[in-house]
1. For the range 123-175, what does the relative contact order come out to in percent, with C-alpha contacts under 8 Å and a separation of six or more?
2. Taking amide H positions as placed 1.01 Å from N in the peptide plane, with prolines and chain starts having none, which residues 5 or more places from Q310, or on another chain, fall under 5 Å of its amide H?
3. For the Cα atoms of the chain, what angle does the longest principal axis make with the long axis of helix 3-14, in degrees from 0 to 90, nearest 10?
4. To make sure I understand the rule: partners must be aspartates and glutamates, Cα under 13 Å from the Cα of K84, and not fewer than 8 residues away in the same chain. Which ones qualify?
5. Read phi for every residue in the range 185-194 and hand back ³J(HN,Hα) as whole Hz from Karplus 6.51 cos²θ - 1.76 cosθ + 1.60, θ = phi - 60°, with x for Gly and Pro.
6. Apply the Karplus curve 6.51 cos²θ - 1.76 cosθ + 1.60, θ = phi - 60°, to the phi angles in the range 199-206 and return the couplings in whole Hz, x for Gly and Pro.
7. What are the lysines whose alpha-carbon lies under 19 Å from the alpha-carbon of K576, with same-chain residues fewer than 8 places away excluded?
8. What residues have an amide H closer than 5 Å to that of V346, excluding those fewer than 5 places away on the same chain, when H is modeled at 1.01 Å from N in the peptide plane?
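The values are calculated or read from the model by the stated rules, or taken from the named source; none is laboratory data. Computed from a predicted structure; not experimentally measured. Here Cβ is always computed from backbone atoms with ideal geometry, including for glycine, and neighbour counts include all displayed protein chains. To get the accessible areas, we keep the full protein, side chains included, count just its heavy atoms, and leave off ligands, DNA and RNA. Shrake-Rupley method; radii C 1.70, N 1.55, O 1.52, S 1.80 Å.
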Amino acid sequence: MSKQLDAAQSMKQLQTDMHWKENIVYEIYVRSFNDSNGDGIGDLRGILEKIDYIADLGVTAVWLSPIFDSPNRDYGYDVIDYRKVHPEYGTMEDFDELLQALHDRGIRLVMEIVPNHTSSDHPWFQEALKGPDNPYRDYYIWRAGDGNGNPPNNWTSFLGDSAWKLDEESGEYYFHTYAAHQPDLNWDNPKVREEMANAMDFWLEKGTDGFRVDTANVLSKDMSFPDTDDTERLQGSGEHFYKNGPHIHEYLRELNDRVFSRYPVFTMGESSQVELEDVEKYTLPERRELDLILMIEASKICDDPQDMWQSKPWKLSHLKDIMRKWLKDLHDEAWIGLYLSNHDHVRMVSYLGDDVNHREQSAKMLAVFLMTLRGTPNLLQGEELGMTNAHFFNTIEDIKEQQALAYYNQRVNEQGEDPETILRRVLKKNRDHSRTPMQWNDEAGAGFTTGKPWQRINPNKSEINAAEQENDPHSVLNLYRRMIRLRRDHPALTLGTYEPILDDHEHIYAYLRETDEESWLIVLNFSRTATQVELPSDVRARLSDADCAICSDESKLKDLSRGSAELAPYAYFVFKLG
Ligand code: GLC
Ligand code: CA
């Protein structure tokens with residue numbers, strides 16, 4: 001088949017009724033993916049240069065981090081123009097070319113849209129600052145203080161300061177869920193909803209295939225802004241008054257009616273603080289809101305709920321509980337997206353695996369895990385190479401992302417805490433771990449740039465890079481490609497039921513994925529030591545005529561079907577049951 005026919009064929013496959021379930025999404029953090037002009041910043045033409053690499057992965061969709069014009073205090077999550085490509089990333093022509101190149105290869109393009117807030121440099125906010133009578137004032141949320149020089153209530157933002165900032169000129173405060181330079185839009189204002197709908201329409205008109213909707217469940221707030229009792233919590237206290245707020249379903253349905261329903265669109269909502277019933281409301285198809293909610297709980301497994309900068313050790317039993325809830329207890333027709341790392345998070349192999357002694361093996365085991373779960377998998381660029389956290393960061397100057405810097409500043413400079421302790425916390429968890437440049441080869445610029453990279457390149461590029469893994473049939477990269485292919489070829493791995501087994505085992509994670517047509521058994525050793533396992537007798541019986549689809553050690557099939565077997569650290573097995 002010619003390449004073009006092949007592409008047409010794949011596009012058709014993607015237009016099925018369940019395309020949102022069948023997608024396998026590759027997150028491109030544009031700034032760090034590939035720099036085409038040597039300014040040290042990844043760009044759209046850089047993505048074009050790597051288009052065949054992306055196609056060879058086998059993913060069906062690419063999600064681009066925000067590419068809109070922005071002062072980049074939060075790297076694009078602070079928009080000043082929803083219809084303009086940031087000059088650092090290229091031009092609208094570059095965008096159109098990229099979109100076409102992806103479509104030619106049967107790959108969807110999902111944009112990031114940031115509907116909850118703009119940059120304070122956005123012309124709307126600049127107008128709003130002119131005073132209460134300005135027509136744009138009501139695009140944002142303004143309140144008087146409490147009369148004693150305090151903000152309207154006691155909520156904190158996700159950067160740990162008050163969620164309100166005083167505008168000296170008018171004496172009123174405006175509300176910000178994130179940084180003070182990211183004022184929240186007032187979604188109760190129909191004009192704001194119309195502006196956002198039109199901005200989304202603009203991209204869909206161009207042929208874009210959908211959106212990752214940033215912070216999708218925070219758009220509607222309890223506008224009485226009561227104080228919260230949750231005063232122990234350092235970041236985002238008060239969030240239960242605006243997550244899944246009073247009109248959220250109405251607003252998402254409205255967006256769906258106005259925009260999404262008019263295109264063959266794919267929408268993923270980023271949402272934290274959601275329970276089963278919330279996700280069911282957001283994603284049951286007959287409710288016509290979003291296609292899926294990105295499940296955030298697994299990636300927060302090490303976070304202390306009162307202070308996200310403090311860590312707690314994670315346990316396999318907890319990970320299993322999270323997955324049981326979202327993969328088994330969720331309504332059959334509702335749907336989630338799954339990820340273990342993204343641009344807000346540390347690297348998957350560095351917290352769930354062992355990136356010191358078993359890096360390659362644990363990265364592969366996690367690849368098998370992510371690609372055999374029920375839900376739509378999202379993988380972050382570099383995950384397919386087993387890229388690790390930036391253990392080489394050692395000073396606060398190494399960090400570029402605002403949340404970590406704000407925490408450091410508050411704790412050390414404002415509250416006088418021990419700089420060493422705070423630095424240690426921040427070095428462990430900052431979001432730059434996942435934002436270091438892609439490691440294409442072992443040259444000085446890692447093949448990412450010929451100039452000075454905007455963020456330091458991980459020195460482990462000499463061992464971990466795409467060029468090296470390309471030709472090694474046993475590389476993490478080639479395992480990813482095989483796993484993605486397997487998932488695409490076998491709908492049971494996407495749509496099948498999820499049935500955990502050996503639930504009490506401390507190290508082994510095993511589950512069945514089944515439809516009427518096919519049954520799969522996945523067995524994973526989540527431990528850095530060899531582990532003994534005995535499968536339940538009914539499962540064992542079914543192994544007698546099973547095939548090893550993708551296994552770290554094929555000889556274990558016999559042992560597992562007969563009785564007890566010893567599995568090597570981070571061993572993985574995907575069995576097709578007869
Ligand atoms: C989301 C984004 C994150 C951003 C925040 C504010 O959580 O993923 O990167 O900082 O929203 O827009
Ligand atoms: Ca560039």
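1. Working: 74 pairs, mean separation 15.7, N = 53.
RCO, the range 123-175: 30 percent.
2. Counting only residues 5 or more places away or on other chains, the set is D304.
3. In the chain, helix 3-14 runs at an angle near 70 degrees to the longest axis.
4. Of all the aspartates and glutamates, those that pass the test against K84 - Cα under 13 Å, at least 8 places apart if same chain - are D69, E93, D94, D96.
5. Using θ = phi - 60°, the values come out as 6, 9, 6, 6, 8, x, 5, 5, 5, 5 Hz.
6. 5, 5, 4, 4, 6, 6, 4, 6
7. K364, K556, K558
8. none
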